[in-house]
4 protein chains.
Amino acid sequence: MQVHHVRIYYEDTDFSGSVYHANYLRYMERGREHLIGCDELRRLWDEDGVGFVVYKAELTYKEPARFGDALEVRTTAERTSDWRAVFRQDVWRAGGSQPLVEGRIELVTVDKAGKLVRLPEGVRTAIDAQVASRTG
Amino acid sequence: MQVHHVRIYYEDTDFSGSVYHANYLRYMERGREHLIGCDELRRLWDEDGVGFVVYKAELTYKEPARFGDALEVRTTAERTSDWRAVFRQDVWRAGGSQPLVEGRIELVTVDKAGKLVRLPEGVRTAIDAQVASRTG
Amino acid sequence: MQVHHVRIYYEDTDFSGSVYHANYLRYMERGREHLIGCDELRRLWDEDGVGFVVYKAELTYKEPARFGDALEVRTTAERTSDWRAVFRQDVWRAGGSQPLVEGRIELVTVDKAGKLVRLPEGVRTAIDAQVASRTG
Amino acid sequence: MQVHHVRIYYEDTDFSGSVYHANYLRYMERGREHLIGCDELRRLWDEDGVGFVVYKAELTYKEPARFGDALEVRTTAERTSDWRAVFRQDVWRAGGSQPLVEGRIELVTVDKAGKLVRLPEGVRTAIDAQVASRTG
């Protein structure tokens with residue numbers, strides 16, 4: 001499991017006082033980028049012309065986060081084929097007893113023309129390393 | 001079915017050249033707000049202290065939208081109980097032959113303390129009127 | 001003067017109850033895109049490889065906008081040289097007696113390598129047409 | 001001077017490949033929130049009913065930031081009266097030789113009705129401490 005920390009600022013909330021629901025997709029993506037590695041992601045795009053595309057996203061909202069909260073995005077990932085990765089990403093308030101939001105995100109990789117490509121080696125390695133560390 | 005038009009600006013895209021995946025949740029919410037009525041939503045919050053909370057969101061991304069696109073959010077809604085409404089919201093490129101993104105959003109209504117309340121009458125009426133016009 | 005209409009949704013506000021200050025820059029850009037023409041902007045990027053870059057932005061916030069407001073971005077533009085355009089963009093509540101936010105935005109155009117280029121003909125024409133209609 | 005670190009994710013960029021210009025206002029606000037203290041800001045709102053409002057913002061864009069960049073928001077603050085604070089906030093690429101974006105932001109504090117109030121003691125203290133550490 002990989003943990004990414006997110007602070008909730010003014011920009012994250014809406015007038016109801018809670019975090020705007022679409023923003024959790026942004027926090028989950030930040031978690032995925034750190035799991036794979038921001039430098040590797042930039043290299044993949046610049047040198048290999050490969051980018052990520054979300055294919056499916058399922059979110060269940062249990063409890064709202066609020067201004068000033070310190071959140072954790074807890075991510076586990078697995079490859080379901082050579083072409084697709086599934087990320088389970090739950091968002092917790094630091095020190096909380098249950099997740100605020102539960103997410104399940106399916107991703108594929110595409111070239112610059114939008115054509116599906118196999119998951120690149122660097123991505124497969126990052127996912128498998130994270131699985132090994134979780135189960136080891 | 002209710003149709004809400006969305007234009008894709010610089011702000012909507014990311015460096016891959018396509019619309020950032022989280023933004024479709026924003027377009028879908030705009031569609032829901034127009035279905036229920038922006039003035040009624042503001043009145044509900046200001047006078048009755050009632051707001052909307054997304055409980056579940058499921059999105060399937062089929063094809064990317066791009067800068068300059070004119071999109072349509074096509075929404076149908078139903079009440080699954082006195083407490084919950086389900087919106088099916090597909091995003092189309094104007095004149096396209098299939099949806100770019102398919103969405104299913106479950107909502108509940110809460111008071112200012114975050115406690116669940118029955119769907120307000122104005123919301124039930126707007127949903128039922130939309131169902132009637134669809135099947136009539 | 002060109003007028004672009006903006007509706008304020010949940011996504012636009014923050015927990016203070018007002019529109020988040022950075023979002024006015026987004027509304028102003030939408031106004032500029034419509035002044036120049038969304039199709040022409042896309043053509044410029046796709047065919048000529050020319051895009052817009054904000055060089056300077058000055059904003060004065062007079063009064064907050066709120067959820068459900070119907071706003072107008074009122075834009076006037078002028079070319080200060082062959083290389084730079086200045087947009088005065090004030091945001092009004094429809095029917096209001098003074099602007100909520102006053103903006104002054106300087107733009108330049110660049111090629112895909114980020115190198116400064118002269119304002120393209122289509123952009124010069126759109127700006128000059130708007131000046132003529134204002135003073136005519 | 002206070003330094004706040006910002007990583008550039010997919011969400012921060014637009015199709016031109018650079019960071020969307022309005023987002024720098026978000027990074028600058030994050031820097032201000034950390035300078036004053038996120039917990040103190042939440043306490044001010046929840047207990048004292050005091051919030052911040054941007055009154056003026058001036059931004060000069062010198063060079064674009066890109067996906068994967070590690071940025072620094074370097075902030076210095078001063079009180080220009082009992083009612084107003086001015087923040088100079090420059091955004092640097094870590095290790096760079098000049099700022100990418102230069103900002104000057106004026107803020108006031110208001111109560112929940114939007115009425116101007118004196119800068120609260122906690123805010124004055126945070127600003128003065130930062131000035132002392134800079135000049136000490």
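The values are calculated or read from the model by the stated rules, or taken from the named source; none is laboratory data. From a predicted model like this one, the values you see are computed outputs, not experimental measurements. Neighbour counts run over all protein chains shown; Cβ positions are idealised from the backbone, glycine included.
Scoring residue A:133 on the criteria (1) surrounded by fewer than 18 Cβ atoms within 10 Å (Cβ to Cβ); (2) modelled with pLDDT of 90 or more leaves a single failure, condition (2).
Counting only residues that are loosely packed, with under 14 Cβ neighbours inside 10 Å and either of a type in the set (A, V, I, L, M, F, W, C) or more than 10 Å from chain A (Cβ to nearest Cβ) (or both), region B:99-117 holds 4 of them.
State yes or no: is residue C:124 farther than 30 Å from residue D:110 by Cα, modelled with pLDDT under 95 and either in a strand (DSSP E or B) or more than 14 Å from chain B (Cβ to nearest Cβ) (or both)?
Values: farther than 30 Å from residue D:110 by Cα: yes; modelled with pLDDT under 95: yes; either in a strand (DSSP E or B) or more than 14 Å from chain B (Cβ to nearest Cβ) (or both): yes.
The answer is yes for residue C:124.
Kindly indicate whether residue D:25 is at the interface with chain A (Cβ under 10 Å from one of its Cβ atoms) and under 18 Å from residue A:9 (Cβ atoms). So residue D:25 passes the test. Tell me, yes or no, whether region D:58-74 has at least one residue that is farther than 28 Å from residue C:113 by Cα and in contact (Cβ under 8 Å) with a residue 24 or more places away in the chain. No, there is no match, as no residue in region D:58-74 is farther than 28 Å from residue C:113 by Cα and in contact (Cβ under 8 Å) with a residue 24 or more places away in the chain. Starting from residues that are loosely packed, with under 15 Cβ neighbours inside 10 Å and more than 13 Å from residue A:19 (Cα to Cα), keep the ones in region A:60-87 and report whichever is nearest to the chain's Cα centre (by Cα). Within region A:60-87, the match that is nearest to the chain's Cα centre (by Cα) is A:78. In the set (1) more than 30 Å from residue A:15 (Cβ to Cβ); (2) free of Cβ contacts under 8 Å to residues at least 12 places away in the same chain, residue C:82 fails one condition alone, (2). Among the residues of region B:110-119, the one identified as without any contact (Cβ under 8 Å) to a residue 60 or more places away in the chain and in a strand (DSSP E or B) is B:116.
Of all residues in region B:94-133, those being within 23 Å of residue B:5 (Cα to Cα), in contact with a strand residue (DSSP E or B) (Cβ under 6 Å, 6 or more places away or on another chain) and not hydrophobic (A, V, I, L, M, F, W, C) number 6. Determine whether region C:120-127 contains at least one residue that is surrounded by fewer than 21 Cβ atoms within 10 Å (Cβ to Cβ) and without any contact (Cβ under 8 Å) to a residue 24 or more places away in the chain. There is at least one residue in region C:120-127 that is surrounded by fewer than 21 Cβ atoms within 10 Å (Cβ to Cβ) and without any contact (Cβ under 8 Å) to a residue 24 or more places away in the chain. Among the residues making up region A:34-49, those that are more than 9 Å from chain D (Cβ to nearest Cβ) and touching a helix residue (DSSP H, G or I) at 6+ places or on another chain (Cβ under 8 Å) are A:35, A:36, A:37, A:40, A:44. Taking the conditions exactly as written (surrounded by fewer than 19 Cβ atoms within 10 Å (Cβ to Cβ) and away from chain C (no Cβ under 12 Å)), does residue B:17 satisfy them or not? Here the answer is no, as residue B:17 does not meet what is asked. Please go through region D:37-47 and give me each residue that is under 12 Å from the mean Cα position of the chain (by Cα) and buried (at least 22 other Cβ atoms within 10 Å of the Cβ), ordered by number. If the condition is that a residue be under 12 Å from the mean Cα position of the chain (by Cα) and buried (at least 22 other Cβ atoms within 10 Å of the Cβ), then no residue fits. For region A:89-98, filtered to residues that are free of Cβ contacts under 8 Å to residues at least 40 places away in the same chain and buried (at least 16 other Cβ atoms within 10 Å of the Cβ), the residue that is nearest to residue B:56 (Cα to Cα) is A:90. Can we say residue C:31 is under 27 Å from residue D:18 (Cα atoms), within 12 Å of chain B (Cβ to nearest Cβ), touching a residue at least 12 places away in the same chain (Cβ under 8 Å) and of a type in the set (Gly, Ala, Ser)? In short, yes. Of the listed requirements (1) surrounded by fewer than 19 Cβ atoms within 10 Å (Cβ to Cβ); (2) among the aliphatic types (A, V, I, L, M); (3) in contact with a helix residue (DSSP H, G or I) (Cβ under 6 Å, 6 or more places away or on another chain), residue C:6 misses just one: (1).
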